[in-house]
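For reference, the structure is listed below as structure tokens.
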Amino acid sequence: MRIRFALLALGLALPGCREKAPPSPKRTVLTPQTGDYTQVRYPRDGKRMAFVASSADKYAVWTAATDGSDAKEVGPASTWIRDPQWSPDGQWIAYGSDAAAPPDVWVVPAAGGEARRLTTDRGLEFNQRWSPDGSRILYSGNHSGHFDVFTVSAQGGAPDTILANGVNDFATWSPDGKRLAVQRTEGERNTVEVLTLDGHTSRPLTKEGREFFSEWSPDGREVLYQSNRTGTGDIWIVPVDSGAPRQLTQDIRNDWNPKFSPDGRWVGFVSDRGGQQDVWIVSAAGGEAIRVTDDPGRESDLAWAPDGKGVTFAYAEGLSQIWVMPREGGAARQLTSGAKGSWDPQVSPDGQWVAFTSNRAGTDDIWVVATAGGEPRRLTTGSGDDHDARWSPDGARIAFVSSLGTDDNIWVVPAAGGQATQLTSLAGDESDPRWSPDGRTIAFQAAFQSSRTDIWTVAAGGGEPTRVTRTGNAGGARWRPDGKALAFTDFGQAQGEARVYVVPLSGGRPTQLTSEGWGGGPEWAPDGRRIAFTLHTGPSFDVAVMAADGSGLRKFGTAESWEIAPIWSPNGATIAFLSKAPGNWEVASLNPSSGEIHILTKTPGDETGPQWTPDGKSLIFGSQDDSHKLVTVRVEALLAPNKCSRSRSSLSWTSGWEPSPRWWMSPTRRSWSS
């Protein structure tokens, strides 16, 4: 088998000192053979790479040359393989596997051969890391209800306990092997500290309680981590011995998976800024982030090539299609097909049509298809990307978001086809249009002034928009059925918390309805007496229902599953939502009176965005089956000094922001061809 990679040529030719906008990345995609490839890791010499390949629910460690040739399986397959790690001399690979159940730490010769099990306790052992001299392996093990830190000889034998303090600890070695950086998780608090190998002398590096450790700088002087202290994930650096933390990224969307370049001068990370999951780079000294990828797929598992001139990552290339099924579940009927994706289905008020977004014509456009099936019809044809289609109450018009121009704005197009009209042109990005029940007004959220968001309204026929909230952190507005108020989520709470509010349209201050956890995506019951929303407390997401005044809150769900994105049936008797327990996202239904839950779908893919037909007899939803490819991007041109400017800001560019409190409903949207 030959594993092939996608290579992006990202040259920035700047003749003389005449500045140019960065060119669109030229991407060559070479699709690998059937399989799913993630978790790429390079050895120090950079001559090969290790990764995890899966097929037919089996996972195995593979290695290949850096061009994808000479790929071979080097360890036995099992149902759970995690995090292959090269030994310092490149001769061995340590990894987590449940080949002997439960998961343990294993090692296998990098050239292939017999794998050897290093840990044999009855708990879960993982997060394996070689010591810099290659003699020992550090790992975390759950033997008594929490994760402690241990080391074991690379040759095997009895482990030594480093940390056993009744909380969850995950550690990694300093480059000189003399200290450990530890992420300590106690309840809902996550902090980072550095300690000596005896576990006695420590220095706390963070104290906010929402920090997640990533790695040491190559020189061992700093630690890189992600913090959710502002409500979204940002990248921070903190000196190990003395000094205050420095914030590297600051955006309304999440940044995560940060990795130092081999020389420590740059930090690569993954971000969903711009409404999609891409790879970005920022100077370790601070400054403006540089975008590396710009596509609708999902990048993850970022790793720098040892020469520092490229980054490699896993690319999820799921293809989403739209389906319809009876409300009780059972056989689903596919409404869209083809080599391009379709997503975000929205049912017309008469139930005869479904509006959706698709890239089948090359750009993201709004399309409609009959609920009974048939050939889709394209509504928007501009050069920008169009999305967030929403029907007017009379079914005559569709509001949507378009990136035509410099920012995302709200537009309206006749549902029967015709000329689209731009409604908003604020100095920022607008998104999430929602029609008032009488069809006269559209509520939306706008990002402006350093990406802070608020709720606005605009007349459906056009005019000057009106600002409704002034918190700078508001999103996800939903009209009360009588049209006199809006429910929304405010994300300005500390440590990632968010609250549900209601604000009257006649004026006045918003009323806070929730006081715990993260409350997102409020949805009114048809009679306006109740609100359903997603409530995140501790490790779980649950569907929650409360009275319109915030009283009588009830949570529905289990600790073993996530329940999100509730949508009321037209008669208010049932709530459809997404459930993950475990495995893929499925469409489920809830009777809020009895608490009874039913899983309605069982597909190989992940379901997204369930919507009721107006008669309450059917559910429309998206479904996608993700697979991952490994992609290499050469970034040396992006890291070269800009001779035409003293700053690097001219090398950075961003796309339109597509904020939505329903982050879980944003599917990947790109098909690949071989």
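The numbers here are math on the coordinates, done by the rules we state, and not lab data. Everything numeric in this text was worked out from a predicted model, so none of it was measured. Reconstructed Cβ throughout: ideal geometry from the backbone, glycine too, with neighbour counts over all protein chains shown.
Some values worked out for this structure:
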{"read-out": "R0 of 51 Å, Cβ-Cβ distance Q512-D394: FRET efficiency to nearest 0.05", "value": "0.90"}
{"read-out": "Normalised per residue, the volume of the convex hull around the Cα set of the range 71-150 (Å³)", "value": "86 Å³"}
{"read-out": "Counting all C-alpha pairs of the range 261-309, share separated by more than 17 Å (%)", "value": "34 percent"}
{"read-out": "Inter-centroid distance (Cα atoms) of the range 110-139 relative to the range 347-371, Å", "value": "51 Å"}
{"read-out": "Gain upon complete extension [Q155, D57; 0.36 nm per residue less C-alpha separation]", "value": "32.2 nm"}
{"read-out": "Cα lying deepest toward the dipole's positive end in the range 409-489, options V413, V468, F448, charges on Cβ", "value": "V468"}
{"read-out": "Local electrostatic count at E188 - Lys and Arg +1, Asp and Glu -1, tallied over other residues with Cβ under 14 Å", "value": "-1"}
{"read-out": "Equivalent ellipsoid semi-axes - Cα gyration tensor, the range 227-276, angstrom", "value": "21, 15, 7"}
{"read-out": "Global form of the range 121-249, assessed from the alpha-carbon gyration tensor, a/c cut-off 1.5", "value": "oblate"}
{"read-out": "Distance between modelled label sites at D294 and D263, nm, 7 Å Cα→Cβ extension", "value": "2.6 nm"}
{"read-out": "Calculated log₁₀ intensity ratio I(q)/I(0) where the Debye formula runs over C-alpha points of the range 458-556, q = 0.14, 0.17, 0.19 Å⁻¹", "value": "-0.51, -0.73, -0.89"}
{"read-out": "Rg in Å to one decimal, and Dmax rounded to a whole Å, for the range 43-187 via C-alpha atoms", "value": "15.1, 46"}
{"read-out": "Leading residue at positive end of dipole, the chain (Cβ point charges), from S589, G351, G68", "value": "G68"}
{"read-out": "Size of electric dipole in the range 310-420: Cβ of Lys, Arg +1 and of Asp, Glu -1, about Cα centre, debye, nearest 20", "value": "340 debye"}
{"read-out": "Average silhouette area of the range 553-621, convex hull of alpha-carbon atoms, in square nanometres", "value": "4.6 nm²"}
{"read-out": "Sequence-distant residues sharing a close amide H with S618 (under 5 Å, placed H)", "value": "R327, T613"}
{"read-out": "Nearest-20 debye value, the range 421-578 charge dipole, Cβ charges on Lys, Arg, Asp, Glu", "value": "360 debye"}
{"read-out": "³J(HN,Hα) computed for each position of the range 498-512 - Karplus, 6.51 cos²θ - 1.76 cosθ + 1.60, integer Hz, glycine/proline x", "value": "8, 10, 8, 10, 10, 10, x, 6, 7, x, x, 7, x, 9, 7"}
{"read-out": "Length added when fully stretched, D438-W80, from 0.36 nm per residue minus Cα-Cα", "value": "123.6 nm"}
{"read-out": "Interchain or long-range residues, amide H under 5 Å from A485's placed H", "value": "R480, L505"}
{"read-out": "Value at 222 nm in deg cm²/dmol, rounded to 500, when DSSP H runs of n ≥ 4 in the chain each add -39,500 (n - 2.57)", "value": "0 deg cm²/dmol"}
{"read-out": "Options (i) 161; (ii) 208; (iii) 171 - which one matches volume of the Cα convex hull per residue in Å³ as calculated here", "value": "(i)"}
{"read-out": "Charged-residue dipole, Cβ positions (Lys, Arg, Asp, Glu), the chain about Cα centre, Debye nearest 20", "value": "920 debye"}
{"read-out": "Gain on full stretching of the segment that runs from A459 to A244 - 0.36 nm per residue minus C-alpha separation", "value": "72.5 nm"}
{"read-out": "For the range 323-337 and the range 578-617, distance of Cα centres in Å", "value": "12 Å"}
